[in-house]
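Asks: Starting off with a structure, shown below.
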There are 2 protein chains.
Amino acid sequence: MNIKTAIKGRRTVRRFSQKTVSADKIKQLIDAGRVAACGGNMQRLRYVVVQDDKELLGNIFDTTAWGGFVQPKRNPVPGETAPTAFLVLTCKPDDATGAAIDAGAAIANIQLMAYALGLGCCWIGAYKHERVDSLLELDGMQSVFLVALGYPAESPVMEDIGIDDPAPYYLDADDVLHVPKYSVEAITEWR
Amino acid sequence: MNIKTAIKGRRTVRRFSQKTVSADKIKQLIDAGRVAACGGNMQRLRYVVVQDDKELLGNIFDTTAWGGFVQPKRNPVPGETAPTAFLVLTCKPDDATGAAIDAGAAIANIQLMAYALGLGCCWIGAYKHERVDSLLELDGMQSVFLVALGYPAESPVMEDIGIDDPAPYYLDADDVLHVPKYSVEAITEWR
């Protein structure tokens, strides 16, 4: 897939079909994340793939919050529309702020690769961090973000808006999620 | 350009030719950054393009630090290898931490688009933030990161390493920058 097509077409997915993602595809996602730019090439991030252990998968899912701006809320349903895997990005506790910034870049790469592979994903910061760290029995590490992963069962659409337009995402009458994004002109100043 | 080619081939560039980047290409970069995922679709980031005002460009360049791990240091030289433009990502001061994480994702998109357009760039956090904010006379905003931009005058290469190998980047005998990256196997655990 062309890079521009991926960047413009990729959207966050919060509803998933229940087909399992292959280990090979998951490796391709992590391969995309690991080569993202990071501060000083320190490579602080590690990855835990949660997929085979269904109890662990369910317990992690139970710690997550989804799409706060969508009314009515449409939390994914386990066994129906929930993610079939989580990537858990972890780091050492002593530089968690830097690692979170690095994670932004790594997850952007992961999202684009997921889209190119026909997958969908959702970058999640709203989850019970201590509970997830405890469930995973992380040794000297802590989780930074989750990436919920699976085959997409929805196709959100983006729309350009001006700087004074309402920016929250919303569901239309056909239950399609719309994601307004400020136009280039709205957010750019030239010197 | 194919998405996987862009993700794997893109490297940070710290030496630039002195050809000017067109406004159209710069708009394509910001267009890539603005559609990156961000927390709650809050879209906290704004962009200042510094290119035409050469005095401002030079003053911002003077606040930057480059490639701390490369010995001997090879800071770009104004008029020879320095970036010909800066993108300055800005945000409101009240949520700078969240904006910095969002910026990681936006800059990853920008880096990939830059590579696809034949450009090179360097994500810079090591600069005098207050000085740049003052130079730009930002009104109620602060800078988050700089992206140095231009046509590349070097071609760094990536190499895969194991978890116990040395990770700092280095120059070889031909003055080529090597960027070691941990392999997928080295940083992934499966559950």
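Asks: Residue by residue through the stretch B:125-134, note down the ones that are of a type in the set (A, V, I, L, M) and crowded, with 20+ Cβ neighbours inside 10 Å.
Replies: B:VAL132
Asks: Scan the stretch A:157-179 and give yes if some residue there is charged (D, E, K, R) and under 30 Å from A:TYR47 (Cα atoms), otherwise no.
Replies: no
Asks: Turning to a different aspect of this structure: Which one is surrounded by the fewest Cβ atoms within 10 Å (Cβ to Cβ), of the residues in the stretch A:27-66 that are more than 7 Å from every other protein chain (Cβ to nearest Cβ) and among the basic types (Lys, Arg)?
Replies: So the residue we want is A:LYS54.
Asks: Next question, about the same structure. Does A:PRO152 satisfy being crowded, with 18+ Cβ neighbours inside 10 Å and touching a residue at least 40 places away in the same chain (Cβ under 8 Å)?
Replies: So A:PRO152 fits the description; yes.
Asks: Got a number for residues in the stretch B:67-85 being hydrophobic (A, V, I, L, M, F, W, C) and either touching a Gly at 6+ places or on another chain (Cβ under 9 Å) or crowded, with 22+ Cβ neighbours inside 10 Å (or both)?
Replies: Count: 3.
Asks: Looking only at the stretch A:160-185, filter to residues that are of a type in the set (A, V, I, L, M), at the interface with chain B (Cβ under 9 Å from one of its Cβ atoms) and not in a strand (DSSP E or B); which one of those is farthest from A:THR81 (Cα to Cα)?
Replies: A:VAL184
Asks: Next question. At the interface with chain A (Cβ under 9 Å from one of its Cβ atoms) and assigned to a helix (DSSP H, G or I) - does that describe any residue in the stretch B:138-159?
Replies: Scanning the stretch B:138-159, I find no residue that is at the interface with chain A (Cβ under 9 Å from one of its Cβ atoms) and assigned to a helix (DSSP H, G or I), so the answer is no.
Asks: State the number of residues belonging to the stretch A:1-26 that are more than 10 Å from chain B (Cβ to nearest Cβ) and surrounded by fewer than 20 Cβ atoms within 10 Å (Cβ to Cβ).
Replies: 7
Throughout, read-outs are computed from the coordinates displayed, never taken from laboratory work. Remember, it's a predicted structure, so these values are computed and weren't measured experimentally. Because the Cβ atoms are built from the backbone with ideal geometry, glycine has one as well, and the counts that use them run over all protein chains shown.
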